[in-house]
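Structure record follows, encoded as structure tokens.
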Amino acid sequence: MKVSTKGRYALRFLINIASRTDGKPVSIKDVAAQEEISEKYLEQITSMLNSGGLVKSTRGPQGGYLLRKAPEDITVGMVLRLTEGGISPVACLDADEFQCDREARCSTIGLWRRLDKAIRDVVDTTTIADLVAERPEAADNYCI
């Protein structure tokens, strides 16, 4: 599985917001500068995150973005499914119900299922709070 810049930048955006302790909305401009991400691209990503219920926006001079959920309630899997569409290593495992004409004679399906499970085991148990705690520069100023 290869995560696109959209997925990586979405995670960086959420980590940036979660690592702030003042509770004030965070502007796209500030995050874009700190994370070295294009403002225009970050606007597209925040729109997805907003529609997906992970962030909320406030307007005005002091406006910006806040998390809609606690950082420990947002998993990497939630973010990647929202930004990437699916997280399975092969298309046949993306569907809710596995459907493949070759399933009975597919010599690699076991491999793909194990890899899919391993990916899900990591991304569905790792939260934004976990990533904030692992971030060296944010470790001392984040309160869970």
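The values are calculated or read from the model by the stated rules, or taken from the named source; none is laboratory data. The model shown is predicted, which means the values in this text are computed figures rather than measured ones. Backbone-built Cβ (ideal geometry, glycine too); neighbour counts: all protein chains shown. Side chains included, ligands, DNA and RNA excluded: accessible areas come from the protein's heavy atoms. Shrake-Rupley method; radii C 1.70, N 1.55, O 1.52, S 1.80 Å.
Quick check on this structure: which one of ALA91, ALA129 is open to solvent by 60 Å² or more (accessible area, probe 1.4 Å), of a type in the set (Gly, Ala, Ser) and under 25 Å from the mean Cα position of the chain (by Cα)? If you could, list the steps in order and put the result at the bottom.
Values: ALA129 fails: open to solvent by 60 Å² or more (accessible area, probe 1.4 Å).
The conditions single out ALA91.
Among the residues of region 8-19, which ones are closer than 18 Å to LYS69 by Cβ and not in a loop (DSSP other than H, G, I, E, B)? Within region 8-19, ALA10, LEU11, ARG12, PHE13, LEU14, ILE15, ASN16, ILE17, ALA18 meet the criteria. Could you say whether any residue in region 4-14 is within 30 Å of GLY110 (Cβ to Cβ) and open to solvent by 40 Å² or more (accessible area, probe 1.4 Å)? Among the residues of region 4-14, at least one is within 30 Å of GLY110 (Cβ to Cβ) and open to solvent by 40 Å² or more (accessible area, probe 1.4 Å), which makes the answer yes.
With ALA33, ALA70, ALA91, ALA118 as the choices, which residue is in contact (Cβ under 8 Å) with a residue 12 or more places away in the chain and of a type in the set (Gly, Ala, Ser)? Give the steps one after another, and end with the answer.
Details: ALA33 fails: in contact (Cβ under 8 Å) with a residue 12 or more places away in the chain; ALA91 fails: in contact (Cβ under 8 Å) with a residue 12 or more places away in the chain; ALA118 fails: in contact (Cβ under 8 Å) with a residue 12 or more places away in the chain.
Checking each option against the conditions leaves just ALA70.
Scan region 60-69 and give yes if some residue there is among the small types (Gly, Ala, Ser), open to solvent by 30 Å² or more (accessible area, probe 1.4 Å), closer than 26 Å to LEU14 by Cβ and at pLDDT below 95, otherwise no. Checked region 60-69: at least one residue is among the small types (Gly, Ala, Ser), open to solvent by 30 Å² or more (accessible area, probe 1.4 Å), closer than 26 Å to LEU14 by Cβ and at pLDDT below 95.
Whenever a residue of region 49-63 is at positive phi and in contact (Cβ under 8 Å) with a residue 12 or more places away in the chain, its partners that are charged (D, E, K, R) and not in a strand (DSSP E or B), lying with C-beta atoms within less than 6 angstrom and at least six residues away or across chains, give the pairs GLY53/ARG68.
Determine, yes or no, whether ASP22 is assigned to a helix (DSSP H, G or I) and either touching a helix residue (DSSP H, G or I) at 6+ places or on another chain (Cβ under 9 Å) or exposed (fewer than 11 other Cβ atoms within 10 Å of the Cβ) (or both). Criteria not met by ASP22.
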